[in-house]
1. Cα convex hull of segment 67-373: mean projected area in nm², to one decimal?
2. Please report the net charge: other residues with Cβ closer than 12 Å to the Cβ of residue 120, K and R +1, D and E -1.
3. Which residue, 323, 340, 39, tops the fluctuation ranking in a GNM of the chain built on C-alpha contacts under 10 Å?
4. For the chain, modelled as a Gaussian network with Cα springs under 10 Å, which listed residue fluctuates most, 285, 78, 260?
5. Using the crude model of +1 on Lys and Arg Cβ and -1 on Asp and Glu Cβ, and no other charge, please compute the dipole size for segment 67-373 relative to its Cα centre, in debye to 20.
6. Test of understanding: what is the full-extension gain from residue 102 to residue 20, defined as 0.36 nm times their sequence separation minus their Cα-Cα distance?
7. How much length, in nm to one decimal, is gained on full extension between residue 352 and residue 279, taken as 0.36 nm per residue of separation minus their Cα-Cα distance?
8. On a full-extension model of 0.36 nm per residue, what is the gain between residue 166 and residue 41, subtracting their alpha-carbon distance, rounded to one decimal in nm?
Amino acid sequence: MISWKAPLALAGARWAWSRARRRYGSAPTPEPARGRNLELLAWGAAGAVIGVGASALSERRRSGLMSGKVVLITGGSRGLGLQLAREFGASGASVVICARGQENLDRAVAELTGRGVDAHGVVCDVTDPEQVETLLDEAEQRFGRLDVLVNSAGTMLVGPQDALTDEHFRQAMDIMFWGPFHLSRAAVDRLRATRGSIVNITSIGAYLSVPHMLPYSTAKHAWAALSEGMAAETAGTGVRVTTVVPGLMRTGSHRGVLFRGDPEREYAWFALAAGLPLLSVSVERAARHIVHATARRKGFLVITPTARLGLVARGIAPGLTQEAMRLVGWLLPDTPGQVEERLGSEAGDSRLGRVVNTVAVLNERAGRQMNQRSRAEEQREDRRTGERSSE
Ligand SMILES: NC(=O)c1ccc[n+]([C@@H]2O[C@H](COP(=O)([O-])OP(=O)(O)OC[C@H]3O[C@@H](n4cnc5c(N)ncnc54)[C@H](OP(=O)(O)O)[C@@H]3O)[C@@H](O)[C@H]2O)c1
């Protein structure tokens, strides 16, 4: 993974060193350009060998990191949850994944099993406390213990607050606050027995309330507060709580996000931000960091430099940060006279959406690799199949 960085760094260092020597006079007569290029190439090759070696070593270290552990991941059928299941599996853990949509879940379990991961899927809606209890029982019955619970299930809704109803806020709280709340409370006793961990995926939106994503930010804010409080209250019990604060990750989830107000324009800004390399991080990288933080029993993990910058800015200049957010809000699309609603997969099919998808090509690719067919898309396809068979 890191093999391209090492040759680049070594060749760059060698180049800078020879420039410095020439400038400050300690270098002998300059070598001909061809000789210099060959030397740079040799340094690059040496870097590649070091890079590949380091990569192989870290791969070996990674493969035993979670050996014998059982990890339950909510929202493990696609996106970050699925990548976490792959990564925990690669580090030696058995995984139980849950989601509402059976098809995506089956595909994810088949893929994980194909990679040699001991994986089990349970259909579960985390907003239902009874289903949550059944999920925990099934995980323990299947593998005999539970070591890590990862609360990753989540949904996003993008649109100005004028275009939203109370119900949108309620749904966000149900999925991203009450769901993981019930699950974590029910899991704590089981985790005490194994001195296990709860890993809570929050968001930078929990700490910087992003305009046009208020239900999401509200629910994540509440969840981050509970996560940090739980971390403090479980001190001395053997259970570790890790709060993860990701910035934008290229999980390909923009296709399943619901856009309200002016869906095409809302899709455009969101998909662009979620897909740009400088603003977002690859989901593979994010998952590696999370697994590592879990194994090391870290309390707090921030993913992406922009998220770190946002947290620092909010900490030292909250008023200025609020002004910056006001500016963002002012730049975002107005609420139209007639509020419309569309899924990302539909809004992205507009002319504007297609232009954005071309620019945000990395996130489009991630969508294909992360099993991104949202439940709404599945339901729409099921309806179409039903209509065709009844004709
Ligand atoms: N993508 C980002 O840039 C980003 C940034 C910061 C934080 N995050 C957080 O990271 C997590 C994963 O994001 P993602 O982009 O990977 O999302 P995603 O691709 O949309 O995946 C969401 C997963 O959650 C499941 N899910 C949703 N509602 C559920 C429910 N009620 N019960 C059980 N499962 C449910 C989905 O399956 P079903 O629909 O079939 O249930 C799916 O497996 C979320 O908590 C998100 O807020 C993401």
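1. Numbers: hull surface 60.0 nm².
Averaged projected area of segment 67-373's Cα convex hull equals 15.0 nm².
2. Summing Lys/Arg as +1 and Asp/Glu as -1 gives -3.
3. Evaluated over the chain, the most mobile residue of the options is 39.
4. Answer for the Gaussian network model of the chain: 285.
5. Working: 33 positive and 31 negative charges, 273 e Å.
Around 1300 debye, computed over segment 67-373.
6. Values: separation 82, 0.36 × 82 = 29.52 nm, distance 6.15 nm.
Extending this stretch completely gives an extra 23.4 nm.
7. Numbers: separation 73, 0.36 × 73 = 26.28 nm, distance 2.04 nm.
Net length gain for the segment: 24.2 nm.
8. Values: separation 125, 0.36 × 125 = 45.00 nm, distance 6.18 nm.
Extra length available between residue 166 and residue 41 comes to 38.8 nm.
Every read-out reported here was derived from the displayed coordinates using simple, explicitly stated rules and does not represent laboratory data. All values derive from a computational prediction rather than experimental measurement. Positions of Cβ are backbone-derived with ideal geometry, glycine not excepted, and every protein chain shown enters the neighbour counts.
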